[in-house]
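Derivation of every value follows stated rules applied to the coordinates shown; laboratory data play no part. Bear in mind the structure is a predicted one, so any value in this text is a computation, not a measurement. When we count neighbours, we look across all protein chains shown, and the Cβ atoms used for this are built from the backbone with ideal geometry, even at glycine.
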Amino acid sequence: MAQHNETGKQGEIEAARYLRDKGYEIMTQNYRYQHAEVDLIAKKGKLLVFAEVKTRSNLNYGNPEEFVSYTKAKLVMKAAEQYIFANGWLHDVRFDIIAVTLAGNELRVKHIEDAFS
């Protein structure tokens, strides 16, 4: 597997751990609908969070969260809409970005709530 795929997978593991530590229940990972994918879907009480995880091994080209494009946000929302419909969710939803930096031995997780609003 390519190094960037390994970095991305490690970032998703760290993001899921971070959310669990904050009291969220991970409902699913890598949820796909057509060409859209949501990295993490988590629940806390009556709040369902759709999280896009971006991971970088260095910050030479910018922070991870800067790489979530408008197109990617629309795809996440499309997959979220399908998930909400398929599961009959009737409560609040939120779209977050979890930016993970894995530089050397340093791990940094930045949780951006309501990132697509």
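Looking at Ala36, Ala42, just one residue is within 16 Å of Ile98 (Cβ to Cβ) and either of a type outside the set (A, V, I, L, M) or in contact with a helix residue (DSSP H, G or I) (Cβ under 9 Å, 6 or more places away or on another chain) (or both), and that residue is Ala42. One residue stands out in the range 17-72 among those that are closer than 16 Å to Leu107 by Cβ, more than 14 Å from the chain's Cα centre (by Cα) and polar (S, T, N, Q): the one that is surrounded by the most Cβ atoms within 10 Å (Cβ to Cβ), namely Ser57. Of note, Lys78 satisfies the criterion of being among the basic types (Lys, Arg) and farther than 14 Å from Met27 by Cβ.
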